[in-house]
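The next block holds one structure in the form of structure tokens; read it before the comments.
The values are calculated or read from the model by the stated rules, or taken from the named source; none is laboratory data. Please read all numbers here as calculations on a predicted model, not as lab measurements. Here the Cβ positions follow ideal geometry from the backbone for every residue, glycine too, while neighbour counts run over all protein chains shown. Keep in mind that these areas ignore ligands, DNA and RNA; they rest on the heavy atoms of the full protein, side chains included. Shrake-Rupley method; radii C 1.70, N 1.55, O 1.52, S 1.80 Å.
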Amino acid sequence: MAGSYYRVRCSDCENEQIVFGKAASEVACAVCGTTLAVPTGGKAEIEHEILETVEAR
Ligand SMILES: [Zn+2]
């Protein structure tokens, strides 16, 4: 079963980045290095603005 991806906007530098909804490790912003998502054992906790959900194909 595929998970979803989220397009997240970093609240620090406004970089937009695709984050896997069930990330198993921390996801950092590619531009400024801020943590965008924290793994919680299942669904990743995303602390920034989610612009849209992108269904995996
Ligand atoms: Zn950033």
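Observations
- Exclusive hit being within 14 Å of the ligand (Cβ to nearest atom), free of Cβ contacts under 8 Å to residues at least 60 places away in the same chain and open to solvent by 60 Å² or more (accessible area, probe 1.4 Å), set Val31, Val8, Val27, Val19: Val31
- Output for region 17-48, where each listed residue is modelled with pLDDT of 95 or more, under 8 Å from the mean Cα position of the chain (by Cα) and among the small types (Gly, Ala, Ser): Ala37
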